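Here is the structure we will look at, set down as structure tokens.
The values are calculated or read from the model by the stated rules, or taken from the named source; none is laboratory data. Computed from a predicted structure; not experimentally measured. Cβ atoms come from the backbone with ideal geometry, glycine included; neighbour counts cover every protein chain shown. Accessible surface areas use protein heavy atoms only, side chains included; no ligands, DNA or RNA. Shrake-Rupley method; radii C 1.70, N 1.55, O 1.52, S 1.80 Å.
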Amino acid sequence: MSNTGKQRLCPVSGSCGGCQMIELPYGEQLKRKQDYLKKLLGKYCSVHPIVGMEQPLHYRNKVHAVFGYRRGEVVSGVYEEGSHRLVSVERCLIEDEKADEIIATIRGLVKSFKIRTYDEDSGYGLLRHVLVRRGFATGEIMVVLVTASPVFPSKNNFIKALRKAHPEITTIVQNINARGTSMVLGEREQVLYGPGYIEDVLCGCRFRLSAGSFYQVNPVQTELLYHKAIELAGLTGKESVLDAYCGIGTIGIIAAAKAGSVVGVELNRAAVRDAIQNARASAVRNIRFFSADATEFMTGAAAEGGTFDVVLMDPPRSGSTPAFIHAVSAVQAKRVVYISCGPDTLARDLKEFRKLGYRAEGAWPYDLFPATGHVEIVCLLSKLHAKRHIEVEICMDEMDLTAADK
Ligand code: SAH
């Protein structure tokens, strides 16, 4: 019970820090996100009503648990925000329920197999984290056991016991992370069972996901978001399209059917391998992928006089770079569809785009992360013709002044 006498929905909502809004009615959560976005982005464009979920619980298809001890007992959960105190989480209202069941089974097995969990301070112990990913459309399940060393005593019996308890698991991977960093996954991995990846279906296309590849955690809302992004791209079958920060190629592969050609660029090599495989599996032939830093790739393309009609970009929360945005202008992109999970960096980048004559036509928010303070936005920008550009620039500057006066 909280000190107001009201029953809390989640017993650890105070200490876990994952769901800052879980105790608020869903309508109120949406209203707060909408108001925040309007304040932040309203001076660039109109902010359309946020698209919420009908069932805003247990939407996360990826669950991550840190393993450790508390008072001599094996527990799993999350580090309390800003600390290294492990908060035990046995049931989470936003996570996939099947994944939580599997993690509970692993807690039991760790005890019965007498596997030591890793201690960050002393560097002793084996099991650090468990990651469970489920393809909501396919039902395929991946379990990733992150260990501090490659030696996993009684590995085969452990896997056998885990599969017996959960025959629905389709692949198990051991990831080795010996480093003392806060990164969950290390570089090396070993497939212990199954193919080492799972597949999921999004917007009618099938995608392969490896342990370390990025994939949106809320597939129900992601479908709506991607449909909107592709609609905004206004493709007619002829355009040359760049899918920057493309991950496993989702957006570009879905867009390819409506485009002339697509180029995907992504930093993570495992994700690029998945992307190439995904395009092949979907028989998409008008797409090519490059493993590179998006800014370096774009500045290179601009220097060689390359052009793209449409740029789709979906950078991480830290946003893009001024050099990337300048290169978008240099390759003469007419339209930019910017997908963002970081409203602040989106606002910063819209300002940079505006200097180069790109006008934000609208922002469409989607609630991909109910109960948390996060939100996803898709924003359309279009290049203005030279004269219009100057007029809008002056007009926007006036708006800035009025905003600053307040
Ligand atoms: N569009 C994909 C992935 C978006 S997440 C999807 O919807 O699934 C952002 C992606 O940007 C991640 O895959 C991350 O690996 C990649 N990334 C991060 N920094 C990058 C950089 N500097 N250059 C290229 N890709 C980068």
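Residues in the stretch 252-277 that are more than 10 Å from the ligand (Cβ to nearest atom) and outside any helix (DSSP H, G or I): 257, 258, 259, 260, 261, 262, 263.
Applying the criterion of at least 3 residues that are at pLDDT 95 or above to the helices (runs of 4 or more DSSP H) found wholly in the stretch 289-406 leaves 294-303, 322-330, 343-355. All conditions but one from (1) out of contact with any Cys (no Cβ under 8 Å at 6 or more places or on another chain); (2) at pLDDT 95 or above; (3) open to solvent by 20 Å² or more (accessible area, probe 1.4 Å) apply to residue 254; the one that does not is (1).
Take the stretch 230-246 and flag every residue that is surrounded by 21 or more Cβ atoms within 10 Å (Cβ to Cβ) and of a type in the set (Gly, Ala, Ser). The answer is 233, 244. Where residues in the stretch 203-218 are open to solvent by less than 10 Å² (accessible area, probe 1.4 Å) and at pLDDT 95 or above, which of them is nearest to the chain's Cα centre (by Cα)? Looking at residues that are open to solvent by less than 10 Å² (accessible area, probe 1.4 Å) and at pLDDT 95 or above, I get 218.
When residue 227 is tested against (1) touching a residue at least 40 places away in the same chain (Cβ under 8 Å); (2) open to solvent by 30 Å² or more (accessible area, probe 1.4 Å); (3) of a type outside the set (S, T, N, Q), only condition (1) is not met. None of 107, 128, 134, 116 is open to solvent by 50 Å² or more (accessible area, probe 1.4 Å), of a type in the set (D, E, K, R) and under 30 Å from the mean Cα position of the chain (by Cα) except 134. Residue 249 fulfils the conditions (1) open to solvent by less than 30 Å² (accessible area, probe 1.4 Å); (2) away from the ligand (no atom under 13 Å from the Cβ); (3) without any contact (Cβ under 8 Å) to a residue 60 or more places away in the chain except for a single criterion, (2). Can you confirm whether residue 128 is in contact (Cβ under 8 Å) with a residue 24 or more places away in the chain and touching an Asp or Glu at 6+ places or on another chain (Cβ under 9 Å)? Taking the combined requirement at face value, the residue satisfies it. Step by step: first the residues of the stretch 295-317, then only those that are under 22 Å from residue 250 (Cα atoms) and acidic (Asp, Glu), then the one that is least open to solvent (accessible area, probe 1.4 Å). Which residue is that? Among them, the one singled out is 314.
Would you check if residue 233 is within 13 Å of the ligand (Cβ to nearest atom) and among the small types (Gly, Ala, Ser)? In short, no. Note on the stretch 117-146: residues that are farther than 18 Å from residue 186 by Cβ and part of a loop (DSSP other than H, G, I, E, B) amount to 8. The set of residues in the stretch 182-203 that are part of a loop (DSSP other than H, G, I, E, B), of a type outside the set (Phe, Trp, Tyr) and touching a residue at least 24 places away in the same chain (Cβ under 8 Å) comprises 184, 185, 186, 194, 195, 196, 203.
Among the residues making up the stretch 318-350, those that are touching an Asp or Glu at 6+ places or on another chain (Cβ under 9 Å), open to solvent by 30 Å² or more (accessible area, probe 1.4 Å) and more than 15 Å from the ligand (Cβ to nearest atom) are 326, 332, 334, 335. Of all residues in the stretch 282-317, those being more than 19 Å from residue 379 (Cα to Cα) and away from the ligand (no atom under 16 Å from the Cβ) number 8. Inside the stretch 28-68, residues that are closer than 18 Å to residue 134 by Cβ and part of a strand (DSSP E or B) make up a count of 5. When the stretch 219-249 is filtered for residues that are of a type in the set (Ser, Thr, Tyr), part of a loop (DSSP other than H, G, I, E, B) and within 18 Å of the chain's Cα centre (by Cα), only 245 remains.
For the stretch 261-276, a tally of residues being open to solvent by 30 Å² or more (accessible area, probe 1.4 Å) and more than 20 Å from the chain's Cα centre (by Cα) returns 1.
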